[in-house]
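**Student:** Below are the structure tokens for one structure; questions will follow.
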Amino acid sequence: MSTFTIGGDLEVNRLGFGAMRITGDGIWGPPDDPEEAKRLLRRLVELDVNLIDTADSYGPEVSESLIGEALHPYPEGMVVATKGGLRRTGPGQWPRDARPERLKRCCEASLERLKLDRIDLYQLHAPDPQVPLEDSLGALKELQDEGKIRHIGVSNVSVDELDRAEAVVEVVTVQNRFNLEDRSSEDVLDACTEWGIGFIPWFPLNTGSLARPGGVLDEIAKEHDATPGQVALAWLLARSEVMLPIPGTSSLEHLEENVRAILGPPLPTGDRQRLIDTFLPIGRNLGN
């Protein structure tokens, strides 16, 4: 698996894991089987997945707590990234609240749940329209100066907001929605590629109508004896060298299927690079 170095000193394998789905329905409350969720998290270590992305709002608090319980003490090289700046008022509800004083409280609570002295990557979950972006990031910079955060990232931002963020802190990652069907953040991805900033696409496996029976993604997947999700991941990884997909799941079987997009033995009808080379030029035109 190819690697990317976050912030100049955190080398991670380019396929990470998004820990949103190890919570209950609606990303609310605990999962039906917490012990199975912990087994899944421990399986990540065996599969050499060493970037886990979570947030205090997943559950809320559930995802972080499960990660701390399952993986502490963390294996060498494991990077746990988390986020703050959203509230949870119920299933499916995600109001923004990135006031500086609240972000500081959120970070302290995340440190406790994750059983860490310092969070390797702390990300502003979304700009708050009621709070100047500079104020929110200023709070994270203070936490960084105090040694509680190693690196800072931003999420759900425009290129203009990324520019503003860079004026306050060194931004090492951007996490925006990006997948084969939704490429509205392509300009942000291009900026990250140019500047060497890690780009973490959330909802990376959304393929929509592209994977319908007889569609181009369905046909390419069948040609390579792969799943549409594996092809989508291969395309993302080929799209930019700064791309760090974090497909999430609560299923061990699905986790291993995702990892087989780039790990394990070659696909039966051709190696992984051939799949990427085949799909990339076609994929660039999909959904336009």
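Every number here is computed from the coordinates shown, using simple stated rules; none is lab data. Please read these numbers as outputs of a predicted model, since none were measured by experiment. Note that we place each Cβ from the backbone using ideal geometry, even for glycine, and neighbour counts take in every protein chain shown.
**Student:** How tilted is helix 133-145 with respect to the longest principal axis of the chain? Cα atoms for both, answer in degrees (0 to 90, nearest 10).
**Tutor:** Taking the Cα atoms of the chain, the angle to 133-145 is about 80 degrees.
**Student:** Determine how many Å³ per residue the convex hull of the Cα atoms of the range 202-250 encloses. The partial results should precede the final answer.
**Tutor:** On the way: hull volume 4.2 nm³, N = 49.
It is 85 Å³ per residue.
**Student:** Once log10 I(q)/I(0) by the Debye sum over Cα atoms at q = 0.09, 0.17 Å⁻¹ is worked out from the coordinates, which option in (i) -0.65, -1.26; (ii) -0.46, -1.44; (iii) -0.41, -1.46 does it equal?
**Tutor:** From the options (i) -0.65, -1.26; (ii) -0.46, -1.44; (iii) -0.41, -1.46, the structure gives (iii).
**Student:** Then there is this: Using a 10 angstrom cutoff on alpha carbons, build the Gaussian network for the chain and name the most mobile of Glu253, Glu170, Glu76.
**Tutor:** Comparing Glu253, Glu170, Glu76 in a Gaussian network model of the chain, the most mobile one is Glu76.
**Student:** Based on DSSP, what percent of beta bridges with both residues in the chain are antiparallel, to the nearest 5?
**Tutor:** Values: 7 of 32 bridges.
Rounded to the nearest five, the antiparallel share is 20 percent.
**Student:** Using label points projected 7 Å from each Cα along Cα→Cβ, tell me how many nm separate Lys141 and Ala109, to one decimal.
**Tutor:** About 2.6 nm, to one decimal.
**Student:** While we're looking at this one, here's another question. So what's the net charge close to Arg96: Lys and Arg +1, Asp and Glu -1, counting the other residues with Cβ under 11 Å from its Cβ? Please report the intermediate quantities before stating the final value.
**Tutor:** Values: positive: Arg87, Arg99, Arg102; negative: Asp97, Asp128.
Neighbourhood net charge equals +1.
**Student:** Can you tally the net charge around Ala167? Count Lys and Arg as +1, Asp and Glu as -1, for every other residue whose Cβ sits under 12 Å from the Cβ of Ala167. All intermediate terms of the calculation are to be shown ahead of the outcome.
**Tutor:** Working: positive: Lys141, Arg164; negative: Glu134, Asp160, Glu161, Asp163, Glu166, Glu170.
So the surrounding residues net to -4.
**Student:** Can I ask one more? Can you tell me the orientation of helix 34-46 relative to the chain, as the angle in degrees between its alpha-carbon axis and the longest Cα principal axis, to the nearest 10?
**Tutor:** Between helix and principal axis, roughly 70 degrees.
**Student:** Quick one: angle between helix 228-239 and the longest Cα principal axis of the chain, in degrees between 0 and 90, rounded to 10, please.
**Tutor:** That works out to roughly 70 degrees.
**Student:** A further question follows. Hey, rough spin-label estimate for Glu101 and Glu241, points 7 angstrom out along Cα→Cβ, what's it come to in nanometres?
**Tutor:** 4.6 nm
**Student:** Next question. Where the centroid of each part is defined by its Cα atoms, how far is the range 120-144 from the range 5-77 in Å?
**Tutor:** Cα centres, the range 120-144 to the range 5-77: 22 Å.
**Student:** Something else now. For the range 217-258 and the range 148-214, what is the separation of their Cα centres, given in Å?
**Tutor:** Cα centres, the range 217-258 to the range 148-214: 18 Å.
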